[in-house]
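These notes are about the structure you will find just below.
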Amino acid sequence: MSESTKLHERRVRAVAQGVGSVIGSYVSHARGATVVDVDGGEWIDFASGIAVTSVGHADPRVIEAVQAQIVRFAHTCFMVAPYESYVAVCEQLNALTPGTFDKRSALFNSGAEAVENAVKIARHVTGRPAVIVFDHAYHGRTNLTMALTAKAMPYKHRFGPFAPEVYRVPMSYPFRDGLDGTAAAARAIDVIAKQVGADNVAAVLIEPVQGEGGFIEPAPGFLPALAEWARASGALFIADEIQTGFCRTGDWFACDAEGVEPDLVTMAKGIAGGMPLAAVTGRAEYMDAVHPGGLGGTYGGNPVACAAALAALETMRVLDLPAAARRIGGVLTSRLRALGLPGEVRGRGAMVAVELVLPGSVVPDPGRTQAVARACLREGLLVLTCGTYGNVLRLLPPLVISDELLDQGLTILEGALRATAD
């Protein structure tokens, strides 16, 4: 009996079945862009823990920083006894996020917490209730963020009722709607005007490139038009950069590509090299509008996670990971487009998707998508699927992946795509 089988038997008896896993093996260790299981099986990692380990598994700077911090102190709660590393992370986020205006930041544990707090801030500042979100959006698994998330199964099924005053409008999805950014934005704004009313809107919340919904990159001009409308209407424009942030799309943040300057930015995932940390950064007048004690949390901005974040940010700068993401994305998209797949290869930086459809149509092909993912796993490549229709392969390799491993992983993926063709 393999060690993974033994562990799985223990899992069945101990872990709630509602917690799923992509692979049946159990990890022993991971380095750079590879993951090794307890039986010695090895995978090239095109998932990065869902865009978390952008600096690679076991980044040396992160390891050193975590080890140094844990022997000093592991926790005091910043709201009780503050420490320098929390302040330093906030300083760097204020400098890195889009916009040259004065900013403030607050730290949390998870992406869902960051989103919830951004909504709290927007409602507090505006005195309005309504939050605008988009088709195909994913923002988390808490009660409020489930309401913000579009997809029912597995995220929302039988978990309601959900938080009120959340309104969903059409997303720009060029592959499926054929609209340019201006027309797509006008369509969304028209729905807001008719169904919500501009005076009721506290925030427009959007992923600049949607993640779980299918790595959907809106048409150029869509984000700027929405941001302009929000400001003209007195609403806050919130960019959910939890999956897109920290070099993943070839810029420090995805909003940078069109010069969009959000009022608030939510962040997590790639921020701390695998340690749990999240943040909201925004215009100082909005962030400081909330009364003392209105933001926070026992573990938010944990000192070990803050040390990891400072180290991960240093790695991003030293290795120029925005440039690395652009290089990786160029290789991925050029080779995959050369296959002439039915559907679309899209992406920005090292956030690349393959949307598979039935030949000669735009009908989703989730069966082939799952078959490709399974074939990749058998051959030693870890890939993820996503999309409202379950028909999108999403590729998120660590931004430190070597050319050799990138080539090997792509060769496996190309073979799986050819093997599953009709």
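Sort through 68, 58 and tell me the only one that's on the phi > 0 side of the Ramachandran plot, in contact (Cβ under 8 Å) with a residue 12 or more places away in the chain and surrounded by fewer than 16 Cβ atoms within 10 Å (Cβ to Cβ). Don't jump to the end; show me each part of the working.
Working: 68 fails: on the phi > 0 side of the Ramachandran plot.
From the options 68, 58, the qualifying one is 58.
Can you name the residue in the stretch 386-405 that is under 11 Å from residue 46 (Cα atoms) and either within 21 Å of the chain's Cα centre (by Cα) or among the polar types (S, T, N, Q) (or both) and is also surrounded by the fewest Cβ atoms within 10 Å (Cβ to Cβ) among such residues?
If we filter the stretch 386-405 for residues that are under 11 Å from residue 46 (Cα atoms), which is where we start, we get 393-399, 401, 405.
Okay, now just the ones that are also either within 21 Å of the chain's Cα centre (by Cα) or among the polar types (S, T, N, Q) (or both), so 393-399, 401.
Values: 393: 29, 394: 25, 395: 26, 396: 30, 397: 31, 398: 31, 399: 30, 401: 23.
Selected residue: 401.
Across the stretch 212-227, what is the total count of residues that are among the hydrophobic types (A, V, I, L, M, F, W, C) and either assigned to a helix (DSSP H, G or I) or surrounded by fewer than 18 Cβ atoms within 10 Å (Cβ to Cβ) (or both)?
At the first step, the residues of the stretch 212-227 found to be among the hydrophobic types (A, V, I, L, M, F, W, C) are 215-216, 219, 222-223, 225-227.
Those still in the list that are either assigned to a helix (DSSP H, G or I) or surrounded by fewer than 18 Cβ atoms within 10 Å (Cβ to Cβ) (or both) too: 222-223, 225-227.
Total meeting the criteria: 5.
List, please: which pairs have Cβ atoms under 7 Å, are six or more places apart or on different chains, and start with a residue in the stretch 376-403 that is within 21 Å of residue 420 (Cα to Cα) and end with one that is among the hydroxyl-bearing types (Ser, Thr, Tyr) and in a helix (DSSP H, G or I)?
So the pair list comes out as 385/369; 390/369; 391/369; 392/369; 393/369.
Taking residue 230 as the residue in question, decide whether it is assigned to a helix (DSSP H, G or I), of a type in the set (A, V, I, L, M, F, W, C) and touching a Leu at 6+ places or on another chain (Cβ under 6 Å).
Working: assigned to a helix (DSSP H, G or I): yes; of a type in the set (A, V, I, L, M, F, W, C): yes; touching a Leu at 6+ places or on another chain (Cβ under 6 Å): no.
No; evaluated as a whole, the condition is false for this residue.
For the stretch 165-172, state whether one or more residues are closer than 22 Å to residue 203 by Cβ, surrounded by fewer than 15 Cβ atoms within 10 Å (Cβ to Cβ) and not aromatic (Phe, Trp, Tyr).
no
Which of (1) within 28 Å of residue 396 (Cβ to Cβ); (2) under 24 Å from the mean Cα position of the chain (by Cα) is the odd one out, the single condition residue 67 does not satisfy?
(2)
If you check residue 202 against the conditions, is it crowded, with 24+ Cβ neighbours inside 10 Å and at pLDDT 95 or above?
Working: crowded, with 24+ Cβ neighbours inside 10 Å: yes; at pLDDT 95 or above: yes.
Yes; evaluated as a whole, the condition is true for this residue.
Scan (1) under 26 Å from residue 394 (Cβ atoms); (2) polar (S, T, N, Q); (3) touching a Leu at 6+ places or on another chain (Cβ under 9 Å) for the single condition residue 4 breaks and write down its number.
Result: residue 4 passes all but (3).
The values are calculated or read from the model by the stated rules, or taken from the named source; none is laboratory data. All figures in this text were calculated on a predicted structure; none of them were measured in a lab. Quick reminder, even Gly has a Cβ in these numbers, built from the backbone with ideal geometry, and neighbours come from all protein chains shown.
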